[in-house]
Amino acid sequence: MTQAPREVAEEVGQSQDITPTQRSDRAILPSFDNDEAAYQAARSGVSLFDRSHWGRIRVSDDDRLRFLHNQTTYDFQSRQPGDYCETVFVTSTAKTLDLVSAYVQADGVLLLTSPSQAQPLISWMDRYIFFADKVKLIDLTDKTIAFTAVGPQAQSCLEALGWGAIASESNQHRNIAFNGVELTVSAETGLALPGFTVIGPADVGQSLWQCLTEAGAVPAGETVWEWLRIEQGRPMPGQELTEDYNPLEAGLWQTISFTKGCYIGQEIIARLNTYKGVRQRLWGLKSDRSLMANSPITLNGQKVGRVTSGIKTPADWRGLAYLRTKAGGAGLTVQIGETAATVVELPFVRHQYWQGKTN
């Protein structure tokens, strides 16, 4: 659960030490009044983010893996309990709905969706559950918390809680006992940065947050998350993930199986890969002037793309944008109105064809 917004906390005379679970809603906390310190901690120490406003869906019953295999871009049929992966829900025309994290458990699959996407995805999946299918969908968002620690010193938090081995386990998750309940912990952050994510029952959120901060994690608000998200290039629904773009254009190649056979949108994605048909790509932008979402991007007077996200960081303005493939990529100087911006690489994004061939 999330902490009261800063203005509410100040009104009741509380400090930034208040824990996220002292409110019953899922309001997003913009800041702990320590944005630059928390940002630096994510780079050289460890920052702690409350992602409880992101969605959690449990997919269970006998056909759960087959169902997700047919509904998303990743190969679920070969997954085993303890596996972790990222996958994309797409439309029949291969346009993106959401990028989700999947935790394969012994009796179900836990999906961590983007904010406000749990119910839309449940409604979408429900359309494809037929009478004979053994699949159950449960929205666990309000009953659970999700915290993410980001930074090279995240290991110290894990060691303080006795969870040390998890930090090095890629594509895996573990169940850990904490205060009499079971938590799901993985070495993923939702960014191309080291750290871990822990998901568990809402009633232990306050004590867990306290343990993590006492172990050295610096509380960080949504402003810092957006700084990192845009610098890293994680695409989000309504911005980079819309029905205007497919997952290859969004640079989500690592979430896609090109060998698993049919799934929703598979034919179009396979054709784009085979015939090198990706006409636009997601890139980063860097500028000393403002970068506003939805602004057109030009090169030599010709429109070549559109800004999807922009934010002022402590150092400069950063943005995300889709650019025509033929226009070029990193190092290019483009115009957004009167503003000049440099196109930069994004750590989270991969512009690759299958088998590692550079696009």
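The values are calculated or read from the model by the stated rules, or taken from the named source; none is laboratory data. What you see is a predicted model, and the numbers here were worked out from it, not measured in a lab. Quick reminder, even Gly has a Cβ in these numbers, built from the backbone with ideal geometry, and neighbours come from all protein chains shown. Each accessible area value is taken on the protein alone, full model and side chains, heavy atoms only, with ligands, DNA and RNA left out. Shrake-Rupley method; radii C 1.70, N 1.55, O 1.52, S 1.80 Å.
Couple of notes before you dig in:
- Tally, over region 230-255, of residues that are over 30 Å from Glu267 (Cβ atoms) and surrounded by 22 or more Cβ atoms within 10 Å (Cβ to Cβ): 2
- Test: Ala37 is modelled with pLDDT of 95 or more and either open to solvent by less than 20 Å² (accessible area, probe 1.4 Å) or under 16 Å from Pro219 (Cβ atoms) (or both): yes
- A search for C-beta distances below 6 Å between a residue of region 174-200 that is open to solvent by 20 Å² or more (accessible area, probe 1.4 Å) and any residue that is among the acidic types (Asp, Glu), counting only pairs 6+ apart in sequence or on different chains, returns Asn175/Glu182; Ala187/Glu169.
- Residue list for region 180-192, filter: closer than 23 Å to Pro347 by Cβ and in contact with a Gly (Cβ under 7 Å, 6 or more places away or on another chain): Thr189
- Residue within region 49-59 that is modelled with pLDDT of 95 or more, among the acidic types (Asp, Glu), under 29 Å from Asp107 (Cα atoms) and surrounded by 15 or more Cβ atoms within 10 Å (Cβ to Cβ) present: yes
- Which numbered condition Pro347 fails, given (1) assigned to a loop (DSSP other than H, G, I, E, B); (2) out of contact with any strand residue (DSSP E or B) (no Cβ under 8 Å at 6 or more places or on another chain); (3) over 19 Å from Trp227 (Cβ atoms); (4) not basic (Lys, Arg): (3)
- Candidates Val100, Val90, filtered to the one that is open to solvent by less than 50 Å² (accessible area, probe 1.4 Å), farther than 27 Å from Ile166 by Cα and modelled with pLDDT of 95 or more: Val90
- Taken over region 123-154, the criterion of being closer than 14 Å to Val198 by Cβ and of a type outside the set (A, V, I, L, M) is satisfied by Thr144, Phe147, Thr148.
- Residue match in region 242-251 (condition: touching a strand residue (DSSP E or B) at 6+ places or on another chain (Cβ under 7 Å), of a type in the set (A, V, I, L, M, F, W, C) and within 25 Å of Ala27 (Cβ to Cβ)): no
- Top-ranked residue in region 132-160 [being touching a strand residue (DSSP E or B) at 6+ places or on another chain (Cβ under 8 Å), open to solvent by 10 Å² or more (accessible area, probe 1.4 Å) and hydrophobic (A, V, I, L, M, F, W, C); ranked as nearest to Asp62 (Cα to Cα)]: Val135
- Considering region 77-93, and only residues there that are in contact (Cβ under 8 Å) with a residue 60 or more places away in the chain and out of contact with any Leu (no Cβ under 8 Å at 6 or more places or on another chain), the residue that is farthest from Ala270 (Cα to Cα) turns out to be Gly82.
- Selected residue (criterion: surrounded by the fewest Cβ atoms within 10 Å (Cβ to Cβ)) from residues of region 212-227 that are aliphatic (A, V, I, L, M) and closer than 30 Å to Trp317 by Cβ: Val218
- Of all residues making up region 286-297, the number that are part of a loop (DSSP other than H, G, I, E, B) and either more than 24 Å from the chain's Cα centre (by Cα) or in contact (Cβ under 8 Å) with a residue 40 or more places away in the chain (or both): 7
- Of residues in region 146-176 being of a type in the set (S, T, N, Q) and in a loop (DSSP other than H, G, I, E, B), the one modelled with the highest pLDDT: Gln153
- For region 324-351, filtered to residues that are over 27 Å from the mean Cα position of the chain (by Cα) and surrounded by fewer than 15 Cβ atoms within 10 Å (Cβ to Cβ), the residue that is farthest from Asp288 (Cα to Cα) is Lys326.
- Hits in region 273-320 (condition: within 20 Å of Asp35 (Cα to Cα), open to solvent by 50 Å² or more (accessible area, probe 1.4 Å) and either in contact with a Cys (Cβ under 9 Å, 6 or more places away or on another chain) or hydroxyl-bearing (Ser, Thr, Tyr) (or both)): Ser290
- Of all residues assigned to region 298-313, at least one qualifies as being modelled with pLDDT of 95 or more, within 23 Å of the chain's Cα centre (by Cα), assigned to a loop (DSSP other than H, G, I, E, B) and over 16 Å from Glu240 (Cβ atoms).
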